[in-house]
Amino acid sequence: METLDTVVSAETPEGIAIELRPAGLGARCFAYLIDQLVRFVILYAVALPLSFTGRFGYGILLIVMFLLAWIYPVVFELSRWGATPGKRLLGIKVVMDNGLPITPAASLTRNLLRTADFLPALYGSGIVSMLLRRDFKRLGDIAANTLVVYQPEAAPKVALENVEPRPPVRPLDPQEQATIIGLAARASRLTPERMDELAALAAWVTGDAGRSGPDVTRRVLGVAQWLLGRR
Amino acid sequence: MTPLQFETQYQADWDELETLLEQLKQRSAARETVRAERLASLYRRACEQLALARARAYPAHIVERLNQLTADAHQAIYQRREFGFKRLWQLIAVDFPLAVRAHRRYVWLSTAVFVVPLVTLGLLVYFMPELILALVDPLTAAQFEEMYARDAEALGRTRDAGTDWAMFGYYIRNNISVGFQCFASGLFAGIGSLFFLAYNGAFGGAIAGYLTERGLGPTFYSFVVTHGAFELPAIVLSGAAGLRLGHALVAPGRRTRRDALVLAAHESIVLVYGVVGLLVIAAAIEAFWSSAQWIPLPLKYGVAACCWLAVLVYLVSQGRHAS
């Protein structure tokens, strides 16, 4: 678990560890491409009316290009979503290392240092940095103390309304309990065959070690029901 | 306590906390009705319950809900507001000039790296004008002559370059981008910043030397001297900020490289704020004032002297008593 998981935990003053799941290269690349598209669309939307105003409009257009290149990500990261449109679409956002919303200074730092990440070409330094680090930071993130993380999604509620609760054959330690309940939580998303296979691994809790099938699965889910507190 | 009992017992608290957080996100009057003590006490309780839920390995949906709640409340409670005019004023009146003086060593180094090539190339090209062709092609050299010709309609631009507004946009985009690049490329051991500084210095010096030799000195200097008061310090300061980044990586001292870099970025970004301000002012002056041919030269030089004096005094002494 430890070696594979990329979760970063940030401790709050209350002694609670907040779990942050850093977003990797793939998601961030897509977000970047979407943002490029959004920039392109904005630029054209602005350029069309300005093209009728001659040289004055040309000056304004150059300022808009400047703002799109440098200030666009800063403005969106400081908004209440903490993410540019591309990042929002992919369900990721930028936060400080300690899980707090990004500060203006940090946002400007990480977006200006994009230049350094871009070198020598096509975000070479940034990509190398992201691939080498467990928390997928590019150089700008390292300097600004920021992290790009997945927006957490709500876990599915354990739905086991019609299963008869049954006690396990021996007391289970917390880790074992969590595993059984975790299996029950996934029941609705797995095919019955896969569910039977997985339940067979846990069959010893009902004294069915070595057996498998829908009945065993049912009894294992019954144990989960009992563990949840429905008696 | 079984997970279900736990959930039923505290459900009400969690729902209330969720509603409060929802209200905080709105802009309207609902925001004002949130009582801070209530929010804080619900938050602390949720933290406790999260710790319990984790220790007892309760089902994922409970732990994750609490995780989400505490994370949201944490963000709402500990967020810092760094916006507004008060903050901006503090930046202009105190933080920026203080940061400049705190980075004194970098500023001097950066000045030297900019000015030495400028003077050297300026003198070289003045005495050996053909050297200009080693730096720019003949067409560009001719364009520069055209830009500062005595009969030019507006100084500092080719005849078809456009109006003041077009040039304003151009200066904003180009100059501020160069400032940003000069800062960011300092991350690579300062080499990028050194290159930008030396290159811009050398190029500017060469052009100045060339135009002076061609007898266009009066128009050229009257053009650059006013906005230069803002633009040259800005270039030097963005280079200084970049050098600070590079120095933190090369010689982090008693910190880890990472910590040194974070600190350097945090402190030097204040310089970059100032650079942006200076370059916006420079762009406005360059587009609307410097280029104007109708302003008599003595007036231009007078205003320029005031600008230089104001910028230097501001950088050297503003905000002294604030700390």
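The numbers here are math on the coordinates, done by the rules we state, and not lab data. The structure presented is a predicted model; accordingly, all values stated were derived computationally and were not measured. With ideal geometry, Cβ positions are generated from the backbone for all residues, glycine too; neighbour counts draw on all protein chains shown.
The calculated 222 nm mean residue ellipticity attributable to helices in chain A amounts to -15500 deg cm²/dmol, summing -39500 (n - 2.57) over DSSP H runs of n ≥ 4 and dividing by all residues. Here the range B:85-317 is treated as an ellipsoid with the same Cα gyration tensor; its semi-axes, largest first and in whole Å, are 32, 21, 15. Within 10 Å of the Cβ of each residue in B:164-177, the mean number of Cβ atoms contributed by other protein chains is 6. For peptide A:96-104, the mean count of partner chain Cβ atoms within 10 Å of a residue's Cβ comes to 4. Sorting the segments B:266-277, B:207-218 by their residues' average number of neighbouring beta-carbon atoms within 10 angstrom, most packed first, yields B:266-277, B:207-218. Compute the helix-to-body angle for B:36-55: its Cα long axis versus the longest principal axis of chain B, expressed 0 to 90° and rounded to tens. Between helix and principal axis, roughly 70 degrees. Each peptide in A:38-45, B:174-181 was scored by the mean count of other Cβ atoms within 10 Å over its residues; highest first, the order is B:174-181, A:38-45. If you take the Cα centroid of the range B:191-228 and the Cα centroid of the range B:1-73, the two points sit 62 Å apart. Peptide B:266-273 shows a mean partner chain C-beta count of 3 within 10 Å per residue C-beta. Working ranking of peptides B:117-125, B:291-299, B:141-149, B:278-286 by packing, defined as the average number of other Cβ atoms within 10 Å per residue, highest first, is B:278-286, B:117-125, B:141-149, B:291-299.
Couplings for the range B:206-212, taken from phi via the Karplus curve 6.51 cos²θ - 1.76 cosθ + 1.60 with θ = phi - 60°, read 4, 4, 4, x, 5, 5, 4 Hz in order; Gly and Pro are left as x.
Basic side chains Lys and Arg get +1 at the Cβ, acidic Asp and Glu get -1 at the Cβ, and with that the dipole of the protein assembly as shown about its Cα centre reaches some 700 debye.
Under the simplified labelling scheme, the residue A:159-residue B:16 pair shows an inter-label distance of 3.1 nm, with each label point 7 Å from Cα along Cα→Cβ. Would the range A:174-228 count as rounded, prolate or oblate if I go by the C-alpha gyration tensor, calling it rounded below 1.5 in a/c and otherwise prolate when a/b exceeds b/c, oblate otherwise? Oblate, since a/c reaches 1.5 and b/c is not below a/b. Which angle from 0 to 90°, rounded to the nearest 10, does the C-alpha axis of helix B:60-78 make with the longest principal axis of chain B? Result, in degrees: 50.
Does the protein assembly as shown come out rounded, prolate or oblate by the C-alpha gyration tensor, with a ≥ b ≥ c the root eigenvalues, rounded set by a/c under 1.5 and, if not, prolate when a/b is larger than b/c and oblate if not? Taking the square roots of the gyration eigenvalues as a ≥ b ≥ c, the protein assembly as shown is prolate. Value of Rg to Rh for chain A, rounded to two decimals, is 1.17; Kirkwood radius and Rg both from alpha-carbon coordinates. Dipole magnitude for the range A:8-150: computed about the Cα centre from +1 point charges on Lys and Arg Cβ and -1 point charges on Asp and Glu Cβ, it is near 380 debye. Put one equal scatterer on each alpha carbon of the range B:3-78, apply the Debye formula with no solvent term, and list log10 I(q)/I(0) at q = 0.11, 0.18, 0.22 1/Å to two decimals. With one equal scatterer per Cα and no solvent, log10 I(q)/I(0) is -0.27, -0.68, -0.94. Taking chain A as the reference, fit the longest principal axis to its C-alpha atoms, fit the long axis of helix A:25-50 to the helix C-alpha atoms, and give the angle between the two in degrees, 0 to 90, nearest 10. Rounded to the nearest ten degrees, it is 40. Partners of residue A:137 within straight-line reach, counting lysines whose Cα lies under 30 Å from its Cα and excluding those fewer than 8 residues away in the same chain: A:87, A:93, B:25. For the pair the range A:1-40 and the range B:126-184, the centres of their Cα atoms are 44 angstrom apart.
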